[in-house]
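Heads up: the structure comes next, in structure tokens.
No lab work stands behind these numbers, since they all come straight from the coordinates. Please read these numbers as outputs of a predicted model, since none were measured by experiment. Ideal geometry is used to build each Cβ from the backbone, glycine not excepted, and the neighbour counts take in all protein chains shown.
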Amino acid sequence: MAILVTGGAGYIGSVMVQLLCDQGEDVIVLDDLGRGHRGALDDSVPFCVGGTGDRQLVGRICNEWNIESM
């Protein structure tokens, strides 16, 4: 099971992703990169470019990564 962090490539989101990873959680990031940067995340963190309004993409991510929480 994993946690989906939307906006995870922004400043606050990337800090949250790091805290979750430090606690041993499996994290997947969804960000449209409108204000965030892929470089704000460790390369080991799975990353998808897109927005939360894309229902098909969010559904695919949830199914593929067995998302437990958002």
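Tabulated data
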item: Extension gain, His37 back to Cys62 (0.36 nm per residue minus Cα-Cα distance, nm); result: 6.8 nm
item: Convex hull of Cα atoms in the chain, direction-averaged projection (nm²); result: 4.1
item: Most to least packed among 49-62, 21-34 [average Cβ atoms within 10 Å]; result: 21-34, 49-62
item: Model label zone, Leu19; criterion: amide N under 17 Å from point 7 Å along Cα-to-beta-carbon; scope the stretch 27-70; result: 27-29, 41-42, 69-70
